[in-house]
Structures are given as C-alpha cells and as structure tokens.
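Let me begin by presenting the structure, written as structure tokens, before commenting on it.
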Amino acid sequence: MSYVLGLKCKECSHRVPVSPVHVCEQCFGPYEVEYDYAAMKGKVTRASIEKGPKSLWRYKDLLPVEKPVTGFHSGFTPLRKADRLAKELGCSNLWIKDDSCNYPTYSYKERVVSVAISKAVEFGFDTVGCASTGNLANSTAAHAAQAGIKCYVMIPHDLEQGKVLGSLIFGPTMVRIKGNYDDVNRLCTEIADKYGWAIVNVNLRPYYTEGAKTYGFEIAEQFGWKLPQHTVVPTAGGTILPKIYKAYQEFITLGLVEDNKPKIYSAQAAGCNPVVTALHKGSDIIEPQKPNTIAKSIAIGNPADGYYAANVVRDSGGWGESATDREIVDAIKLLAKTEGIWTEPAGGTTLAATIKLIQQGRIPRDESIVVSITGNGLKTLEVVADELPYPVVIEPKIGEFDQFIGSLNAPNNKPTTPDRQLVGV
Ligand SMILES: *Cc1c(COP(=O)(O)O)cnc(C)c1O
Ligand SMILES: [Zn+2]
C-alpha cells in the first residue's frame, strides 16, 4: 500500500504523476513527493513503525518506494546522549545523532541513495550516477554494487584520497572534473538528459531528498517519540536540513509526536557559507560563493536547495553559524576525546557551530540539543594528520619504557618524535 499521491511543485503547486523528473514544467521550481496523510491516520502509528526493520525502511510508508532493493542495513544509527561533551560545552541535555557509523560507507548519504537507487530500479533504469563532493559517490557506488547495476560517479578533481578510493573500490566508472562541485553538478544535469541515466541527485532528486527525512524520523523516535528543541544541521546542497524539518512536521501531522516548535540551525564552513550569510543578512537571496575550506563534503557554493534550507531555519526560529578551518579541526578533536566519535570536517563544522550558538545564548544551555554528525573521520585523515602528536619509538626493553614513562612527568617534555614514515603520512 502506497500513500504517494504524486509529485507537486514546491513553488506553483503544479502536479505530475510519479516519474523521473525534478524540474517543474511550468515554473522550473523543484518537484517534491506529495503524500495522502489523511489515509495514513490510524495506519501509520508508533506501533506500526516500531514493528518495522531496524533500518531506514522502517519508515517506508513515508517514503516514495514500493520495493526497496538496497539499504536494508542502512540508517537506524544511534542517537547518543553526550554527557562528557555537554560538560565541556556547559549544557545539560546534549545528544549526537551519529551517522558516522551508517552502513556501508559511513555517512548520511546512505539514506538518500537507498531511496534513489530503489526508485531508479523501479523506473527501469540500469545505470545510476551522481555529482558528488565525495560521500555521495562512495554511497552511490556501494549501493549500486549491492543492487547490481552500473554506476558512474562524477567528482571535483581535488577530493581527499579516502573519498576517491572509497568509491573506486566498488568498481564504478569515476570521472574527476576540473572544477568545483557546482561545475560537476552542471555537467551532470546535461549527462542525465543526454545519456538517460538516473543521476540520483539530479533527475531522481525528488526521491533522493525524501530519503533524508529518515534522519529526522529516527531522531524523533529515538528521542522517545518527542522532538528535541534544537537541531543543528550541516548545510551543503541544502537537502538534509529542510528534510529533517519535514520529518518532524510529518510526525506532528500524524499525531506521533507533540509539536514543541522545534528550532533548526544551519552549520557551514566559513570558507563556504552562502546559506549562513543569507541568514545573517536577513536576505532571501542565496549568493553563490567559491568554496575554500577543508570541509570539502559540504563545500557547495551554489546550493540547489539553499533557499529552502534558509527558509526552514527562519520559519522555525533557528539561526545559522559558520566555523573556520581551525575551529572545525578543534571540534573534531573535542568530539573524539569526549565521546569517542571520529567525524569528518562536516561534523566538526556542526559541532563548532553548536558551540558558538550556545555561547551566543541563541541555544539555551538547559534545553534539548541534537548535533547532527553526518560523516566519518577515517575518510579525511589529511585534516588531522599534522595535528596529532606522533608516538615515540623505543627498543623492546623495559628500561626504555621506564625512561619514557618517567619523561612524561618531566616538565615541558613532549613525548613525541617527528618520525612520520612509520605511519606513512
Ligand atoms: C552531503 C553531506 C552533508 C549535507 O549535504 P546536503 O546536501 O545539505 O544534504 C552533510 N554532511 C556530510 C558528511 C555530507 O556528505
Ligand atoms: Zn512550478
């Protein structure tokens, strides 16, 4: 049983049947999936959801897919209370929604890709692709392998090695484009038209973006069928932020959670912050930027859904903050030391922005806060390689070990050597 009514333009409300289109034929606005919420009442319940699989497909009634073909082990990642980090930040009710352990490629992108590739197969495509800043390419390549279909991934030429190898291992055809993400995306729009492939974040975009709702559904369910008062979300193309809000609103509509007027906040890197800039200026216009930041996975200077991300932040009563590369790395280290979670720069950005929002008093210290950790630090070794003290090398003798331990207590003694060859950095 599907509750999908069709696609509806977000701007002019023009409706078309479910098909692989993403731009309104009347006004060029984006299409979004429309559901019959009235028909869901009494059928889509807390109990019906809790009976579902421990994956993002437990929310299948609220997704535009009839028959999932991948993502059976994706989603349903932990929502963890972060008391040690909370103590550092001087707040009392802090939570981490941790997609750094999402399966199989360790980012939130499993959610959007599981839905998009399942839909692509339903539509009869035998080839998928994407325009990516890295994580989407990893996820598209892995899920295409799981679904047994052909895959082409297009990325900017200068991505981290972990992101490049993290796609290549799954056997897609990868093309590195001389340009930034916005150049890659423009090319992919032409490719989708000319080659007739399912580019997950271009012509499959209405289905792709719906997958991001599962991040919000999980927060609400795992928080005990309640909504946190404050949710801080990284913003790249602007997919996940509005979709977390949509997830919250759908649960409110269905009577599954109470409406506590949840506030949503956007986090961006200072070197690419078009949405935060618009919020600070009080402007409706998202002015494109040329990205320059270590947070490459969220370095999108001309975000497709930036306008909607800014609107959701404003409508919900939230705010936006950006973080410098230095602040991003410090936040990565802080999260790792206090909570044992290693995130990539996108997560560092979100935590660094949260810290600022708390310090500014925009987020009250005693209210419930969820920090959205969306990616894994093992893919971006580069950003911390020069930041961590490298361990000493000693002979396998207890005397040398004693001497080393003794040296730790000596004043001003750093127990490190500059020997980096051992770890190949
Ligand atoms: C893609 C991505 C995001 C957010 O991207 P949106 O396009 O705004 O949804 C956040 N974090 C990571 C790690 C990502 O890969
Ligand atoms: Zn329209």
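The values are calculated or read from the model by the stated rules, or taken from the named source; none is laboratory data. As the structure is a prediction and not an experimental result, all values here were calculated from the model. Neighbour counts run over all protein chains shown; Cβ positions are idealised from the backbone, glycine included. Just so you know, the surface numbers come from the protein's heavy atoms only, side chains and all, with ligands and any DNA or RNA stripped out. Shrake-Rupley method; radii C 1.70, N 1.55, O 1.52, S 1.80 Å.
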May I ask you to say which residue of Pro288, Pro242, Pro206 is surrounded by fewer than 20 Cβ atoms within 10 Å (Cβ to Cβ), under 27 Å from Phe28 (Cα atoms) and touching a residue at least 40 places away in the same chain (Cβ under 8 Å)? Pro288
Output the residues belonging to region 258-285 that are open to solvent by 10 Å² or more (accessible area, probe 1.4 Å) and β-branched (Val, Ile, Thr). Thr277, Ile285
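Of the residues in region 257-271, how many are among the acidic types (Asp, Glu) and under 18 Å from the mean Cα position of the chain (by Cα)? Outline the logic, then answer.
So the first thing to find is which residues in region 257-271 are among the acidic types (Asp, Glu), and the list is 258-259.
Subset that is under 18 Å from the mean Cα position of the chain (by Cα): none.
Result for region 257-271: 0.
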With Ser132, Ser167, Ser118, Ser114 as the choices, which residue is touching a His at 6+ places or on another chain (Cβ under 7 Å) and surrounded by 24 or more Cβ atoms within 10 Å (Cβ to Cβ)? Ser114
Considering region 218-254 alone, what residues qualify as being within 16 Å of ligand 1 (Cβ to nearest atom) and assigned to a loop (DSSP other than H, G, I, E, B)? Thr235, Ala236, Gly237, Gly238, Thr239
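Taking the criterion of being on the phi > 0 side of the Ramachandran plot and touching a helix residue (DSSP H, G or I) at 6+ places or on another chain (Cβ under 6 Å), would at least one residue in region 176-187 satisfy it? Talk me through it step by step, then tell me what you get.
Just the residues of region 176-187 that are on the phi > 0 side of the Ramachandran plot, to begin with: 179.
Applying the additional criterion that residues be touching a helix residue (DSSP H, G or I) at 6+ places or on another chain (Cβ under 6 Å) yields none.
No, region 176-187 has no match at all.
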Can you pull out the residues in region 129-154 that are more than 12 Å from ligand 1 (Cβ to nearest atom) and part of a strand (DSSP E or B)? Gly129, Lys150, Cys151, Tyr152, Val153, Met154
Check off (1) on the phi > 0 side of the Ramachandran plot; (2) at pLDDT below 95 for Gly282 and give me the number that stays unchecked. (2)
Filter result for Ile394 (of a type in the set (A, V, I, L, M, F, W, C) and either closer than 21 Å to Pro262 by Cβ or open to solvent by less than 10 Å² (accessible area, probe 1.4 Å) (or both)): no
